[in-house]
Amino acid sequence: MILEYSLGKSTTMGYFQFLFNLFSDEYTDGRGYKRFKETDKLVHRDVAKKKLGRSLRPGEVVHHKDRNKTNNDPRNLWVFKDQAAHDRAHKYDAKRIGKRASYQGFR
């Protein structure tokens, strides 16, 4: 049986995306972040932990440099010591590149 699955792209690409999601161990939550299906933990925090070679400390915030919540490449992640430091980075960027781009990304 062949499934037809499309999200406005070609049916073939939609079908392959459907299969990838079906067999992937990750899903995208309602806020746009990738999570592991089995544990419901955030993927970017796990990637940051492996990049640092240690567990994240209480209060540390993992930030996507390019503001793309699904880009969990280790080179795209910064770890801030707390939410206040993370907020300062966004405020600095908002002055430099605009509030929308700083908080929502470059879409």
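Each reported figure results from applying straightforward, stated rules to the coordinates on display, with no laboratory input. Please read all numbers here as calculations on a predicted model, not as lab measurements.
Coupling constants for the stretch 74-90 follow from the phi torsions by the Karplus curve (6.51 cos²θ - 1.76 cosθ + 1.60, θ = phi - 60°), and in residue order they are x, 6, 9, 10, 10, 10, 9, 5, 7, 5, 4, 5, 5, 4, 4, 4, 5 Hz; glycine and proline get x. Straight-distance candidates among the lysines for linking to Lys95, with alpha-carbon spacing under 17 Å and chain neighbours fewer than 8 residues away dropped: Lys65.
For the stretch 25-104, the relative contact order works out to 21 percent when only alpha carbon pairs closer than 8 Å and six or more residues apart are counted.
Fully extended, how many nm does the chain gain between Leu52 and Ala84 (0.36 nm per residue separation, minus their Cα-Cα distance)?
Numbers: separation 32, 0.36 × 32 = 11.52 nm, distance 2.06 nm.
Going from the current span to full extension adds 9.5 nm.
What is the pair-distance distribution P(r) of the stretch 25-104, computed from all Cα-Cα distances in 5 Å bins starting at 0, with each bin given as a whole percent? Over the stretch 25-104, the share of Cα pairs per 5 Å bin runs 3, 15, 23, 25, 21, 9, 4, 1 percent.
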